[in-house]
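Novice: One structure follows; several queries about it will come next.
The values are calculated or read from the model by the stated rules, or taken from the named source; none is laboratory data. All of these numbers come straight from a predicted model, not from anything done at the bench. Counting neighbours? That spans all protein chains shown, and the Cβs are built from the backbone with ideal geometry, glycine included.
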Amino acid sequence: MTVHEAFGTDVLLTGWGHSPFGKLPDETLESLIVSVAADAIASAGIEPGQVDEIYLGQFNCGMVPLGFPSSLALQLSDDLAKTPATRVENARASGSAAIQQGVKALLAGTARHVLVIGAEKMTHAPADVVGAALLGADYELAGTDSVTGFAGIFGSRGGRR
């Protein structure tokens, strides 16, 4: 019996965790992922071995050398060693896309407990690298230089009508 058959389309968020906002120079992408994953699992009142699938929403675009950061969540516990971990990327909506994939896994009945993580670490890179990487998500602006990324674009258009 799938979750959908047992509970309809209701999916419960039973635990959560988050890092502080702002520049965290002593944190790495790995430490951020492991920390919030531990908090979310503890908050849900489950053990790491009960997690059936992991989805990580993360926009990389070359800002982090590791191309498969969803595996970083496995560092939390040996009980996660064989848990499928998938990176989901959808530019600014990567976290939302990861949630959507987790919900689909629950409704399909392929998972009972899903760990969804959204993580970014951009403060380690110079502004021009981050700005250009962020613009890599825009069809028309990909490959152009920027020290502000989308924030600068949105700010420059904010006063226009």
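Novice: Going by the structure shown, is LEU72 of a type in the set (A, V, I, L, M, F, W, C), farther than 19 Å from GLU30 by Cβ, in a helix (DSSP H, G or I) and within 17 Å of the chain's Cα centre (by Cα)?
Specialist: no
Novice: Could you list, in sequence order, the residues of segment 81-97 that are farther than 15 Å from ILE33 by Cβ and in a helix (DSSP H, G or I)?
Specialist: SER96, ALA97
Novice: Somewhere in segment 100-120, is a residue under 16 Å from the mean Cα position of the chain (by Cα), under 11 Å from GLN58 (Cα atoms) and free of Cβ contacts under 8 Å to residues at least 60 places away in the same chain?
Specialist: no
Novice: Oh, and also: Please give the number of the condition GLN100 fails out of (1) farther than 24 Å from PRO20 by Cβ; (2) part of a loop (DSSP other than H, G, I, E, B).
Specialist: With respect to (1) farther than 24 Å from PRO20 by Cβ; (2) part of a loop (DSSP other than H, G, I, E, B), GLN100 is out only on (2).
Novice: Still on this structure, please answer the following. Is one or more of the residues making up segment 103-113 farther than 21 Å from SER43 by Cα, in a helix (DSSP H, G or I) and in contact with a Gly (Cβ under 9 Å, 6 or more places away or on another chain)?
Specialist: No, there is no match, as no residue in segment 103-113 is farther than 21 Å from SER43 by Cα, in a helix (DSSP H, G or I) and in contact with a Gly (Cβ under 9 Å, 6 or more places away or on another chain).
Novice: Still on this structure: Taking the condition surrounded by 18 or more Cβ atoms within 10 Å (Cβ to Cβ) and among the small types (Gly, Ala, Ser), does SER94 pass?
Specialist: yes
Novice: Assigned to a loop (DSSP other than H, G, I, E, B) and at pLDDT 95 or above: is that true of ILE54 in this structure?
Specialist: Details: assigned to a loop (DSSP other than H, G, I, E, B): no; at pLDDT 95 or above: yes.
Criteria not met by ILE54.
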